[in-house]
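Every read-out reported here was derived from the displayed coordinates using simple, explicitly stated rules and does not represent laboratory data. A quick note: this is a predicted structure, and the numbers were derived from the prediction, not measured. All Cβ positions, even for glycine, are placed from backbone atoms using ideal geometry, and neighbour counts span all protein chains on display.
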C-alpha cells in the first residue's frame, strides 16, 4: 500500500449525525466551522478592528496564511524561528502592530515561551491569534492568552472540507455553504482514493489526483468564508480522537528509535511528551533532499515538504529559516498506518543512505 499523500473516505461507511462539538475542538472556545483554514482566517479578519492594519507573522509559514492578510490590505512583517521552530528576535519595544499570529509546529509546543511577549503585545491592544493546525490534537498547557484560535482540520484525516475559528466571544455562524464544485470534487476524489487503495487501479489514481488538484485551484482563487459541508461536519463529530492520538504517537516513537542516528538525516524533535500528538515526523535532510524524496516515491512513500518558500519571503531571509525551507521533509506517521509501514519507511531511508 502507498504511504502518505491525500487521505480517503469509505463511501460505504455511515456515520451518525451528532450535535455536540467534540472536546478536542470546544476547548478553544466558541467554534465556528468553516470550509478551510484560510476561510477561517478571512472570517477572523472580517470580525476584528485592529488599531492598525499591520500584522506580524512567523517567517516559517504556509502562503495560505499570508494570502488572506494580503487580500484584506494588511502590511505584513515576519519574525524568525530557530532550528526547533522556537520564535526568536521579536522586538516588542515601540512596535506599531495590530495583529500577532503564532503557532506550534508538527504537534510540539514550540511557541510555549511566548507568554511574556504576548502579554506585552496585549497591553498595547494587539490582537493575538494562534494557528493550531499543527497542534490540534496535542493537549499540553501553556500560559498564552489568545483572543482567537484558527485551524485547518482536513490536514489530520479524510474530510471534503474543514477549518474553524474559535474565541471566548461569539462568532458569526451564518455563513454560506461552499461552492458545490469544490465539495463535489473533494468528495469524489476522496472516494476514488479509497477505491484505489483497495484495488490499486492506476486509472483511478490519475482521476483522483486530477480532482484534488482542481479543488485546490478553486480554493486558491477564493478566500471568502464559507461554512463547512454537512458530510465533513458529521465525520468530525464522529472521529475517534483517542485512536488517532495513540496511533500517531506509537508510529512517531518507532521512527524516532530507528532514525535518530542515521547519517544524512537529522531528527528535529528527539523526544515526544505524552501530551503531544504529532502531525508528521519532520527531519532535516543534510544533502540531496529531492533525491531522497524521489527515491521514497519510487518505493510508494510520499513525504511532503512543509513548506515551499512563499513568494512573499523570496528576498533576504534569516539563514536558519532558509535552512528549514531548503532541507525539511515530513514523514507520514498518521493513523492510517502501523508499525510495519514505519519499518518500510525506515528500510527505504537506510537503503538510500
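Computing FRET efficiency as 1/(1 + (r/R0)^6) for residue 96 and residue 7, where r is the C-beta to C-beta distance and R0 is 41 Å, gives about 0.45. Judged by the ratio a/c of the largest to the smallest principal axis of the C-alpha gyration tensor, region 121-192 counts as oblate, that ratio being 1.5 or greater while a/b is no larger than b/c. You can think of it this way: the chain between residue 221 and residue 48 has 60.0 nm of extra reach, that is 0.36 nm per residue less the Cα-Cα gap.
FRET efficiency for residue 317 and residue 257, Cβ-Cβ distance as r, R0 = 35 Å, nearest 0.05? Computed FRET efficiency for residue 317 and residue 257 comes out at 0.55.
For a quick protection proxy, order the peptides 247-255, 285-293 by their average other-Cβ count within 10 Å, most packed first. List each step's numbers first, then the result.
Values: 247-255: 20.7, 285-293: 14.6.
Ranking the peptides 247-255, 285-293 by packing returns 247-255, 285-293.
Residue 143 versus residue 115, label points 7 Å from Cα toward the beta carbon: distance in nm? Inter-label distance under the simple model: 0.4 nm.
Contact order, relative form, for region 180-221: 50 percent (alpha carbon pairs under 8 Å, 6 or more residues apart, mean separation divided by residue count).
Working note: 222 nm ellipticity from helices only, DSSP H runs with n ≥ 4, each -39,500 (n - 2.57), summed and divided by the residues of the chain, gives -11500 deg cm²/dmol to the nearest 500.
Normalising the Debye intensity of the chain to I(0), with uniform scatterers on Cα atoms only, and taking log10 at q = 0.06, 0.13 Å⁻¹ returns -0.21, -1.10. Based on the alpha-carbon gyration tensor of region 180-221 and its eigenvalue square roots a ≥ b ≥ c, which shape applies: rounded if a/c is under 1.5, prolate if not and a/b is larger than b/c, or oblate? Judged from the Cα gyration tensor, region 180-221 comes out prolate (a/c at least 1.5, a/b above b/c).
Geometric descriptor of region 241-352, per residue, is 122 Å³ (volume of the convex hull of the Cα atoms).
Compute for region 12-168: radius of gyration divided by Kirkwood radius, i.e. Rg/Rh, restricted to C-alpha atoms, rounded to two decimals.
Numbers: Rg = 15.7 Å, Rh = 16.2 Å.
Ratio of gyration radius to Kirkwood radius: 0.97.
When only alpha carbons are used to place a centre, region 203-221 and region 283-353 end up 22 Å from one another. Which shape class applies to region 33-74: rounded if a/c is under 1.5, otherwise prolate when a/b exceeds b/c and oblate if not, where a ≥ b ≥ c are the square roots of the Cα gyration tensor eigenvalues? Judged from the Cα gyration tensor, region 33-74 comes out oblate (a/c at least 1.5, b/c at or above a/b). From the Kirkwood radius over Cα pairs of region 199-278, Stokes-Einstein at 37 °C and 0.692 mPa s returns a whole-number translational diffusion coefficient of 193 µm²/s. With a Förster radius of 35 Å applied to the C-beta separation of residue 246 and residue 347, the computed FRET efficiency comes to 0.90.
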